[in-house]
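Below you'll find the structure, written out as structure tokens, and then a few comments.
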Amino acid sequence: MAASSPPLLLFFFLFLLSSSSIPFSSSRTVPYEYSQIDTAFLDVSATLEQTLDVLSFSPQTLQEEPLETVAATAAAAPGSFLLRLHPRETLTEPTHEDYRSLVLTRLARDTARVDSLNAKLALALGNVTRSDLKPDRSRSSELLRPEDLSTPVMSGTSQGSGEYFSRVGVGSPPGQYYMVLDTGSDVNWLQCQPCADCYQQADPVYNPSASSTHRALTCGAPQCAALEVSSCRSNQCLYQVSYGDGSFTVGNFVTETLTFGNSGKVNDVALGCGHDNEGLFVGSAGLLGLGGGPLSLTNQIKTSSFSYCLVDRDSTKSSTLEFNTGGLAADSVTAPLVKNSKMDTFYYVGLTGMSVGGSLVSIPPSLFQMDDSGNGGIIVDSGTAITRLQTEAYNSLRDAFVKMTKNLKPASGFALFDTCYDFSSLSQVRVPTVSFHFAGGKALTLPAKNYLIPVDSAGTFCFAFAPTSSSMSIIGNVQQQGTRVAFDLASSLVGFSPNKC
Ligand SMILES: *[C@@H]1O[C@H](CO)[C@@H](O)[C@H](O)[C@H]1NC(C)=O
């Protein structure tokens, strides 16, 4: 009797390994159609190792790998540009004693980010006006006094947004600057001498007088007219961008030459020369606006497509940000890009539903749709970490996930997460899959580490979705990690290619 046990166990183990769909629970207690659950592997040990490594990253370890090989492949398409893309933690000095405190900082920053996107939308939809938003007098700029421009400051201390950045050449001869990549805004800017108030950055502050291609824009320039908030002084265009979380940048709106590594350069790109910059991403010199509005880098360089791949935020790896490198990969999961006539910056996608463990979650599709007033819908955002779903949709998704993970040891909630697990005694674990279902019929099944993330180094993992009271939902960058996200602007499609970093 005892002798037959090992082969049986071995057989069962092999069965577990070989099958992507396992009987999850006794068929007596689970209806037949739900007795098979699609699962994905989560490598607990490897993930926890990274949580320790990330605490000791130092900016010196950052390697600017040559892009010759990628550039050579892309060179076939004229007008294509490539930039290397790095996660935030490889630029900032490590300041956290443990992973838990790093996660809390990230989540606080993420909340500020989501608030700022919602404030921007509320302004665009006319729910609030700039004057409704109380200016923060302690932060009023020397350059633009409150009577010139109101500062739509909401509240709270800014954590400095920006999760991924690239190195971009600005001016002639080009200086190299770390710039945050942001699909949720349009105006490009960088800190600029002379500084009324510049935060600390890794590179020397850009000096316009040392560049032969720097030109101030006049007040009548079309780029000046395209600004949401502008002012005129001595016939020079002044810009201001406020991110709704207390952070802002103010200065001259100018044109400059941008150089993209060794892949090429573009002249006369309108950007903000920021003389007064507060509450922004310490370390970076500025921001590349990749939104859908007229002043974004993507629109200014008239790219028909761009794509990025966000490497794991806890790794020292880098990936690429590419412009004009062609249409969507044949194997990508595509979704329609949807325009909001009231808000051209954000990239809305057609989402019809979500599934857990291979079964569609019961969520009214209307919860993901935009209405005529421009409310609702779901955007893909590079700067938001955790996917936000309207509360009703979130609750249904969470309930479905909890129902299929009764075999896993629960842990208490953490910050905005209400569904966490104790994996401290496991080196790997099978968990139900989570998928997005897009209009057009394609589904994107997420890798397990894109929805179960560590919140400490001891083995507590949380279900990385959160509810939002806003009508707008957001697909965040935790869910996009390791996936090439390509925006085919010419065909109004977004493509997701898993494992294409
Ligand atoms: C704008 O106001 C409407 C009506 O009160 C509300 O339903 C909607 O959620 C608001 N939208 C935003 C983005 O604040």
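The values are calculated or read from the model by the stated rules, or taken from the named source; none is laboratory data. Quantities reported herein were computed from a predicted structural model and do not represent experimental measurements. Glycine gets a Cβ as well: all are built from the backbone with ideal geometry, and neighbour counts include every protein chain shown. These area figures cover heavy atoms from the full protein model, side chains too; ligands, DNA and RNA do not enter into them. Shrake-Rupley method; radii C 1.70, N 1.55, O 1.52, S 1.80 Å.
Overview of values
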| item | result |
| --- | --- |
| Residue that is nearest to the ligand (Cβ to nearest atom) [pool: residues in region 379-407 that are among the β-branched types (Val, Ile, Thr) and surrounded by fewer than 18 Cβ atoms within 10 Å (Cβ to Cβ)] | Thr391 |
| Residue that is within 16 Å of the ligand (Cβ to nearest atom), open to solvent by 20 Å² or more (accessible area, probe 1.4 Å) and either charged (D, E, K, R) or modelled with pLDDT of 95 or more (or both), where the choices are Asp197, Asp136, Asp132 | Asp132 |
| Identity of the residue in region 448-470, hydroxyl-bearing (Ser, Thr, Tyr) and open to solvent by 10 Å² or more (accessible area, probe 1.4 Å), that ends up farthest from the ligand (Cβ to nearest atom) | Ser457 |
| Residue list for region 205-228, restricted to those being in a loop (DSSP other than H, G, I, E, B) and of a type in the set (A, V, I, L, M) | Val205, Leu217, Ala221, Ala226, Leu227 |
| Condition broken by Val429, with the remaining ones in (1) of a type in the set (A, V, I, L, M); (2) in contact (Cβ under 8 Å) with a residue 60 or more places away in the chain; (3) in contact with a Ser or Thr (Cβ under 8 Å, 6 or more places away or on another chain) satisfied | (3) |
| Subset of region 368-378 that is open to solvent by 20 Å² or more (accessible area, probe 1.4 Å) and under 15 Å from Glu392 (Cβ atoms) - its residue that is farthest from the ligand (Cβ to nearest atom) | Gln369 |
| Output for region 80-120, where each listed residue is crowded, with 20+ Cβ neighbours inside 10 Å, polar (S, T, N, Q) and in a loop (DSSP other than H, G, I, E, B) | Ser80 |
| Residue list for region 367-392, restricted to those being assigned to a strand (DSSP E or B) and not hydrophobic (A, V, I, L, M, F, W, C) | Gly376, Thr387, Arg388, Gln390 |
| Subset tally (residues that are within 16 Å of the ligand (Cβ to nearest atom) and surrounded by fewer than 19 Cβ atoms within 10 Å (Cβ to Cβ)) for region 471-501 | 1 |
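So that you can scan it fast, the table gives a plain yes or no per residue for (1) at pLDDT below 90; (2) part of a strand (DSSP E or B):
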position: Gln240; (1), (2): no, yes
position: Thr255; (1), (2): no, yes
position: Ser263; (1), (2): yes, no
position: Val266; (1), (2): no, yes
position: Gly272; (1), (2): no, yes
position: Asp276; (1), (2): no, yes
position: Gly293; (1), (2): no, no
position: Thr298; (1), (2): no, no
